[in-house]
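Q: What follows is a single structure, and I will ask about it in a moment.
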Amino acid sequence: RLAGDLADMQLFVLLDDSTRSSSLGIHLPELKTFVGSLPATTQVAVGYMRNGTFALAQSFTADHQKAARALRLPVAIPGENGSPYFALSDLVKHWPSRQSTGRRAVLMLTDGVDRYDGATMMDDPYVDATIEDALKESVMVYSIYLRGTGLYGRSSWVTNVAQSRLIEVSQETGGCAYFQDFTDPVTISPFLNDFQDRLENQY
């Protein structure tokens, strides 16, 4: 079991800057509490998806309160992040740490909509490429669905495809995707508790 001296890991919290402020606003305290409760062996970094890349807000640190203070509301501009998969791929290929660690994981909060590929087909070459990049760099991907700004969050078909893609990325990389139907969750605390339980029971 990855506990004690074997429990070291790096966790990158990646937030979509095109998420609606109201979607993340009520969950921001929950997310900050979660970051603050992580074990001392976990280094945390924070960044935001922006224009298909990731913008680093806080580099990896064992000071969890410092990492929690880097969490903020998204700018909530439609199209601010064209594809969460471009941003995720950019992150895993340019992981902001050269330090050796037993585990790498990403927790991303996004609507999962790829605005470059649309939602007419389930197969998305950008999703496939992102999975391949994450596997090459041994990064587990966990995700929590939150609605984005603009019209995409109002279509059940688009949401269904987006959530399916989040599931695909997470399952293929050893992570898990969390969502509550096609709408914003009332609370993300159960998701975060399950996420932490999974991290504490890996072998």
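The values are calculated or read from the model by the stated rules, or taken from the named source; none is laboratory data. What you are looking at is a predicted structure, and each value in this text was computed from that prediction instead of being measured. Neighbour counts run over all protein chains shown; Cβ positions are idealised from the backbone, glycine included. What goes into the accessible areas is simple: the full protein's heavy atoms, side chains included, and nothing from ligands, DNA or RNA. Shrake-Rupley method; radii C 1.70, N 1.55, O 1.52, S 1.80 Å.
Q: What list of ³J(HN,Hα) values in whole Hz, one per residue of region 168-179 in order, does the Karplus curve 6.51 cos²θ - 1.76 cosθ + 1.60 (θ = phi - 60°) give from phi, with Gly and Pro shown as x?
A: Result, rounded to whole Hz: 4, 4, 5, 5, 5, 9, x, x, 8, 10, 10, 6.
Q: Counting pairs of alpha carbon atoms under 8 Å apart in space and at least six apart in sequence, what relative contact order in percent does region 21-133 give? Display every interim value, and only then the final one.
A: Numbers: 133 pairs, mean separation 27.9, N = 113.
Relative contact order for region 21-133 comes out at 25 percent.
Q: Moving to a separate point now. Which residue, Gly148, Gly174, Gly47, tops the fluctuation ranking in a GNM of the chain built on C-alpha contacts under 10 Å?
A: Gly174
Q: Where in the chain is the longest stretch that carries no trypsin sites (Lys or Arg not before Pro) classed as loop by DSSP and with at most 12 other Cβ atoms within 10 Å?
A: Free of exposed loop sites, the longest segment is 99-203.
Q: May I pose another question? On full extension of the chain, what length is gained from Lys66 through Trp157, given 0.36 nm per residue of separation minus the C-alpha to C-alpha distance? Numbers along the way, then the final one.
A: On the way: separation 91, 0.36 × 91 = 32.76 nm, distance 3.90 nm.
Separation in residues times 0.36 nm, less the Cα-Cα distance, equals 28.9 nm.
Q: Roughly how large, in nm² to one decimal, is the mean projection of the convex hull of the alpha-carbon atoms in region 86-203?
A: With every direction weighted equally, the projected area is 7.7 nm².
Q: With an 8 Å cut-off on Cα pairs and a minimum separation of 6 or more residues, tell me the relative contact order of the chain in percent.
A: RCO, the chain: 24 percent.
Q: Can you list the lysines whose alpha carbon is less than 21 Å from that of Lys66, not counting same-chain residues fewer than 8 positions off?
A: Within reach: Lys32.
Q: Spin-label point model (7 Å from Cα, Cβ direction): what's the Asp181 to Thr101 distance in nm?
A: It is 3.6 nm.
Q: In square angstrom, what is the accessible area per residue of the chain with a 1.4 angstrom probe?
A: For the chain, the per-residue accessible area is 44 Å².
Q: Leaving out same-chain residues fewer than 8 places away, which lysines sit with a Cα under 18 Å from that of Lys136?
A: Cross-link targets: Lys93.
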